[in-house]
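The values are calculated or read from the model by the stated rules, or taken from the named source; none is laboratory data. Being a predicted model, the structure only gives us computed values, none of them experimental. All Cβ positions, glycine included, derive from the backbone under ideal geometry; neighbour counts span all protein chains shown.
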Amino acid sequence: MTTLNSRAVCVLLAAAMLPLPAWAQLPGQSKRIAHFHLSGQITETPQEDPFGLMAGKATSLKGLLKRLGKARKDESVKAVMLTTSGMAMGAAQVEELRDELNKFRALDKRVFVHVESLNTWQYALLSAASDLSIVPTADLWLTGMYGEGLYAKDLLDKLGCMADIIHIGDYKSAGETFTRTGPSEAAMENIDWLFDGLYDGLVAMIAESRGMSPKQVLAALDDGPYTAEAALKAGLVDSVKYRDEFVDEIRSVYGRDIEIDNRYGEDDGVNIDFSNPFAFFSVLGEMLGGKTGKDREPSIGIVYVEGAIVPGYGQPSPFGGSSGAFSGDIRNALREAADDDSVKAVVLRVDSPGGSALASEIILRATEEVHDKKPLIVSMGNVAASGGYYVACGSDAIFADATTITGSIGVVGGKIITNGLWNKIGVNWVPFKRGRNSDLMNSREAFSDAQRKKIHDWMYEIYEVFLGHVRTCRGDKLTKELNDLAGGRVYTGKQALDLGLVDKIGGLHDAVEFAARQAKISDYEVRTIPEPKDFFQTLMGELSGKGARPSDVSVRAGLSLFAGKSPLLDSLLPMLEQLEPMRAQAMRRTLQRIELLRTESVLTVMPMEIVVR
């Protein structure tokens, strides 16, 4: 049956009236170069973008890997060309894309890259090319790895607020964001170890790609940045050329008639025989009819846990996706995957720093329902820590990239004291109390000693539940006592593999292939569950009365200042996003933590927001 994406709707409507477009020629085209332009944010969860509004702003990792994989297997594709402009991705995503580029080279398909500027992590990815070229005026910011930890105590002080935080685990330092202006000794030890692991991974990637020793790479990093000519002299790039010279070189290798396909794989959902005059009506009927689980071919389902883990349901968007990993949505997706007989195995793709302990428990329980029926494999992205590890631990196998950040087994909780803020604006709140602990979470004053003990004991029980899940699911695989691995300590994927917290180093494709082997299938499709809905599908759902309703979601009212919806932040953060986009995003996530802390009390989150450059 024909598969359609949202762009196909426009194609179909045009096909009935317009001449056959150039890209829609029948099979049998001549040799070509598949061109991929990397720009904007590399995201995890696929999104539909029928009007091209996200062009240059976001690309899903799964979609990009799929298009690259198709080009690798396509005999008409003789080589791949990559260009860039302002791409942003995490370390684990760099690893997975590098692996795909290495697969091209293993088939003797050349990978041509031409850039105008590169930073260190972008270079780690694109150094895997067989031909790396930069323009004469380019700059290569190969300077190493720089990070910043965000601490907001002074902000709370200026607002007249105070954080009263309780940690379970010496290394569970997430609350230090709100109680200190810098890391504690234990937190600093943890960060140093994590950065050492990430930097080792970065150096190893560059060394492998450029045929250098780790010592040589370290020296090159210390000598950066480089001009184009200096980079060429240092053996960091293969040529210095303008774009037209670069393209001419490719044509000299493959012939002047070589086609450069700038939209390779973007219309994979369209599969129409344009020689049939009734194709439009046939395909339109199939589009409206859809497929049922019984009609589908065997498949591997991918369910995404991306962003902060929060309770409830996300507000649907006409272009797919939502602003967090909502436990209700993920539970429903896992149940759909478990009940669909055509889904033979499930890959849970986790790219999350954690969040609500309650929401993490709900998702873990849903993974158990899948695990009872079919193989469940976890693929960790850039970050799968704390709550991100919580939801992953019950799977058959955990894949992580060497530079994935994971672990952080621990909990943190507390409250924000806002009385000073109200005093600054002349508002007095008079308390009325019935019940000894009715004011336990009041925002007027810090915990008393008795209250602190009660909260600590309660949190410790939650911590023990977390430990219990890990002990049950991973106990025989751990190489150290769990208490020595937990307490909020964080690890790279490679470190976690050595400790038995994960099973294999590999990316999303590796996890999918492993899941297929576990399910004993060799011919299958890969599906995102739930399938992304585009504007038309969402609109039809609304018109039919079957679309998502406001009553379907969990609405949480909070301090508008901390929710990021005040006039101050609405005006300030967009400006910061222009000047300091990475810092601004870290600030948004920190404010989200404050809101989570207010509503959830106990969190399983990463130690702090770190901006890595």
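What residue, among those in the stretch 486-523 that are aliphatic (A, V, I, L, M) and within 12 Å of C393 (Cβ to Cβ), is farthest from the chain's Cα centre (by Cα)?
A486
Taking the stretch 214-229 as the region of interest, how many residues are touching a residue at least 12 places away in the same chain (Cβ under 8 Å), part of a helix (DSSP H, G or I) and surrounded by 15 or more Cβ atoms within 10 Å (Cβ to Cβ)?
5
So which residues in the stretch 114-135 are surrounded by 18 or more Cβ atoms within 10 Å (Cβ to Cβ), farther than 11 Å from S209 by Cβ and of a type in the set (A, V, I, L, M, F, W, C)?
V115, L118, W121, I134
What residue, of D457, D484, D439, is assigned to a helix (DSSP H, G or I), over 23 Å from G355 (Cβ atoms) and free of Cβ contacts under 8 Å to residues at least 60 places away in the same chain?
Answer to the selection: D484.
Within the group I134, I165, which residue is under 17 Å from G414 (Cβ atoms), of a type outside the set (G, A, S) and modelled with pLDDT of 80 or more?
On inspection, the qualifying residue turns out to be I165.
Are any residues in the stretch 164-189 under 17 Å from T604 (Cα atoms) and either of a type in the set (S, T, N, Q) or in a strand (DSSP E or B) (or both), and if so, which ones?
Within the stretch 164-189, D164, I165, I166, H167, I168, S173, T177 qualify.
For the stretch 108-129, indicate whether the set of residues that are in contact with a Gly (Cβ under 9 Å, 6 or more places away or on another chain), modelled with pLDDT of 85 or more, over 26 Å from T404 (Cα atoms) and of a type in the set (V, I, T) is non-empty.
no
Identify, please: which residue in the stretch 232-286 is of a type in the set (V, I, T) and at pLDDT below 85 and is, among those, nearest to D131 (Cα to Cα)?
V270
Among (1) over 19 Å from D401 (Cα atoms); (2) assigned to a helix (DSSP H, G or I), there is one condition Y199 misses while meeting the rest; what is its number?
Going through the list (1) over 19 Å from D401 (Cα atoms); (2) assigned to a helix (DSSP H, G or I), Y199 breaks only (1).
Quick one: which residue in G394, G387, G381, G414 is buried (at least 22 other Cβ atoms within 10 Å of the Cβ) and at positive phi?
Of G394, G387, G381, G414, the one residue that is buried (at least 22 other Cβ atoms within 10 Å of the Cβ) and at positive phi is G414.
Which residue pairs have Cβ atoms closer than 6 Å, lie 6 or more positions apart in sequence or on different chains, and pair a first residue in the stretch 318-335 that is closer than 12 Å to T367 by Cβ with a second residue that is modelled with pLDDT of 80 or more and part of a helix (DSSP H, G or I)?
Note: pairs meeting the criteria are S327/A359; S327/I362; S327/I363; I330/I363; R331/I362; R331/A366; L334/A366; L334/V370.
Restricting attention to the stretch 201-213, and to residues there that are free of Cβ contacts under 8 Å to residues at least 24 places away in the same chain and crowded, with 17+ Cβ neighbours inside 10 Å, which single residue is farthest from T492 (Cα to Cα)?
M212
Would you say L150 is surrounded by fewer than 18 Cβ atoms within 10 Å (Cβ to Cβ) and either at negative phi or in contact with a Gly (Cβ under 6 Å, 6 or more places away or on another chain) (or both)?
Against the criterion (surrounded by fewer than 18 Cβ atoms within 10 Å (Cβ to Cβ) and either at negative phi or in contact with a Gly (Cβ under 6 Å, 6 or more places away or on another chain) (or both)), L150 qualifies.
Looking at the stretch 508-530, which of the residues that are outside any helix (DSSP H, G or I) and touching a strand residue (DSSP E or B) at 6+ places or on another chain (Cβ under 7 Å) is farthest from A92 (Cα to Cα)?
So the residue we want is I521.
Across the stretch 326-371, which residue is surrounded by the most Cβ atoms within 10 Å (Cβ to Cβ) among those that are acidic (D, E) and closer than 25 Å to Q592 by Cα?
Across the stretch 326-371, the extreme among qualifying residues is D351.
Among the numbered conditions (1) touching a helix residue (DSSP H, G or I) at 6+ places or on another chain (Cβ under 6 Å); (2) part of a helix (DSSP H, G or I); (3) among the hydrophobic types (A, V, I, L, M, F, W, C), tell me where I134 comes up short.
Condition (2) is where I134 drops out.
Please give the number of the condition V305 fails out of (1) β-branched (V, I, T); (2) over 28 Å from K520 (Cα atoms); (3) part of a strand (DSSP E or B).
Only one criterion is unmet by V305, namely (2).
With a cut-off of at least 3 residues that are touching a Lys or Arg at 6+ places or on another chain (Cβ under 8 Å) and at pLDDT below 95, name the strands (runs of 3 or more DSSP E) lying wholly within the stretch 371-430.
Those strands (runs of 3 or more DSSP E) span 411-417.
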